[in-house]
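**Student:** The structure follows.
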Amino acid sequence: MSDPMDAYFLAQLFPHTLFIADPESSEATDKRSGKTVVLIQAIEQIPPLQQLLHDILQSCKLDPRQDAIVLTQDSGETWSWKRIKQEWNPAAVLSFGVIFADIPQADLPLYQPITFDQTPVLHADTLALLHEDKSRKKLLWQALKRIFFRNNQ
């Protein structure tokens, strides 16, 4: 990092130590494999929405620091399902207002878990929309239960 403000900004966003791993390293890939990948919009990295995301993950019995990888999408950027599958080999993918460049949006209805390449994928509204809307939170919870608590229903 060349700019000291970059380090300050990252320290404000991520209270825990960050490690930068070589994406080609099989050890780094092994540590990432099998986790839940969470996609959010970069603009939603503010404390109330980050707390909501933390609470959502904990309600699914996930430790946000150990069991999830949170990826942010900047304005104008898109994520590829193929890239996510190859780089992270996720146990599940939760997308909060983020669409994939290589999956038609019609194939990802809101709050309906879909399986792609043996991986559950859930597309939901943005964290900002969920934050104040109890009906959307209820829809989200019903969908999350189908992914994370299948055997308990």
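The values are calculated or read from the model by the stated rules, or taken from the named source; none is laboratory data. Since the structure is predicted, the reported quantities are computational estimates derived from the model, not experimental observations. Reconstructed Cβ throughout: ideal geometry from the backbone, glycine too, with neighbour counts over all protein chains shown. SASA here: full protein model, heavy atoms, side chains in, ligands and nucleic acids out. Shrake-Rupley method; radii C 1.70, N 1.55, O 1.52, S 1.80 Å.
**Student:** Taking the alpha-carbon set of segment 38-126, what are its Rg and Dmax in Å?
**Tutor:** Rg, Dmax (Cα atoms, Å): 12.4, 33.
**Student:** For a quick protection proxy, order the peptides 126-134, 98-106 by their average other-Cβ count within 10 Å, most packed first.
**Tutor:** Listed from highest to lowest mean packing, they are 126-134, 98-106.
**Student:** Please give the Cα centre distance for segment 106-129 versus segment 33-99, rounded to the nearest Å.
**Tutor:** Between the Cα centres of segment 106-129 and segment 33-99 lies a distance of 12 Å.
**Student:** Determine the sum of side-chain charges near residue 43: Lys and Arg each +1, Asp and Glu each -1, restricted to other residues whose C-beta is under 15 angstrom from that of residue 43.
**Tutor:** Residues near residue 43 contribute -4 overall.
**Student:** Considering only protein heavy atoms, what per residue accessible area in square angstrom results for segment 29-149 with a 1.4 angstrom probe? Walk me through the numbers on the way to the answer.
**Tutor:** Working: 6320 Å² over 121 residues.
For segment 29-149, the per-residue accessible area is 52 Å².
**Student:** For 53, 110, give the ranking by accessible area with the largest first, probe 1.4 Å.
**Tutor:** Ranking 53, 110 by accessible area, largest first, yields 110, 53.
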